[in-house]
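Written out below as structure tokens is the structure these notes cover.
Each reported figure results from applying straightforward, stated rules to the coordinates on display, with no laboratory input. What you see is a predicted model; the values in this text were computed from it and never measured. Cβ: placed from backbone, ideal geometry, glycine included. Neighbour counts: every protein chain shown.
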Amino acid sequence: MDKLRIVGGAPLRGTIAVGGAKNAALPLMTAALLTDETLTLANMPDVADITAMAGLLHLLGVHLNLQGDAGANDDTHVVDFTAKNIASTTAPYDLVRKMRASILVLGPLLARAGEARVSLPGGCAIGTRPVDLHLEALKKLGAEIDIESGYVLARAPKGLVGGDIVFPVVTVTGTENALMAACLAKGRTTIANAAREPEVTDLAQCLVKMGADIQGIGTDKLLIQGKPRLHGAKHSIVPDRIQAGTYLMAVGMAGGSIEVKGAKPPHLQAALDVLQACGMQFEPTIEGLRATCTGRLKAADVDTAPFPLFPTDLQAQFMALMTLADGTSHIAENIFENRFMHVQELIRLGADIAVKGHTARVCGVPKLTGAPVMATDLRASVSLVMAGLAAQGETTVSRIYHLDRGYERLEEKLARCGAHIERVRG
């Protein structure tokens, strides 16, 4: 099993380019199920989650054609998705268990084929993330839904019908599933308390290119007028704001100055505001954002919340950053109930962290010291890499298959900016 070996203490200098957003690409890939024409997606990320979703779509009858170089950080990485015929409406456990985002095939399959059999999902062990909200939304569109032997069985033999959906809490994938299903439902659908994340907006904009009628894009209320069919389209995936935020915070951890190509300040404003208050400096560039850190940061408090507030997917990285900040910070995790599993690993490196309920108190320490640590989920794994960049001595991060789910060639990008980091094949 691969590991990352890091020798801390080297500041970061140079340029890092972020690829397309994994969390935007996954629903966009499933949108190909909504049409028998070709959906062409550019700026595709080259990460394990994308490979897993591609395997699932292939099983369902989607033909994939890769253009350009896999892993390129620009529009040369292009993939055509063509679902001329739906070969199967079953998403089996063996594939779905690898990634919770697989539930996103449910809405498109139901809308296009009138039925879907989708295994209850797996993925990172950061919380229950129930699919109840997805199922209740689809019921509002006329779907008949049962749970049997670990599978969601959804049927709409006469097609879906527009309805009014009100999410009791904000759900990104729930909004995406309902939105895609509503595009082929008869009549008008409203989705209230819809997620406003940039990835949801990116999906909606692509669906409009495919012929969907969607109003309210970027707001918490979406109005969809269903269409009998959608057509093919070409769309470039929005850059990954979580990757960008991670690299910006890595500069705060290791020191130095790097340009993050693809960073979009409006997608990261809540995090940027906090990081500036901590003492980091940012300067817009033609292609992104330059981050600079020349000394120890000041502690700050954050509460995770849906966009446009501080993202849960940057919580672990920010916690790592605060381990070396002057003062005490309080980090409240309000999205997932089990997303502090990185705490014990950071403590192994010398961090002073105490958790009570959904809040972590982080007291800055003079230094971290390298040690063997183990990744528990995607964002936790990259927080340990960040800590290793600043720790004295050698840190090894194991179980980095979590990391590979969402970061393209992380070690190569950091090494090019001066980090002493390498992948050790196991």
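Brief remarks on what is shown
- One residue stands out among those in region 166-188 that are buried (at least 22 other Cβ atoms within 10 Å of the Cβ) and not in a helix (DSSP H, G or I): the one that is farthest from the chain's Cα centre (by Cα), which is 185.
- Considering residues of region 268-305 that are part of a strand (DSSP E or B) and over 24 Å from the mean Cα position of the chain (by Cα) only, the residue surrounded by the fewest Cβ atoms within 10 Å (Cβ to Cβ): 283
- For region 74-105, taking the residues that are in contact (Cβ under 8 Å) with a residue 60 or more places away in the chain and within 19 Å of the chain's Cα centre (by Cα), the one that is farthest from residue 154 (Cα to Cα) is identified as 99.
- Of the residues examined, residue 179 is one that is out of contact with any helix residue (DSSP H, G or I) (no Cβ under 6 Å at 6 or more places or on another chain) and touching a residue at least 40 places away in the same chain (Cβ under 8 Å).
- Residue 336 being touching an Asp or Glu at 6+ places or on another chain (Cβ under 7 Å) and within 30 Å of residue 194 (Cβ to Cβ): no
- The conditions of being surrounded by fewer than 24 Cβ atoms within 10 Å (Cβ to Cβ) and at positive phi are not met by residue 226.
- Elements of type strands (runs of 3 or more DSSP E) in region 205-262, at least 2 residues being in contact with a Ser or Thr (Cβ under 6 Å, 6 or more places away or on another chain) and within 30 Å of residue 387 (Cβ to Cβ): 256-261
- Count of residues meeting criterion [among the polar types (S, T, N, Q) and over 23 Å from the mean Cα position of the chain (by Cα)] in region 204-263: 3
- Residues in region 326-338 that are surrounded by 21 or more Cβ atoms within 10 Å (Cβ to Cβ) and under 28 Å from residue 417 (Cβ atoms): 329, 331.
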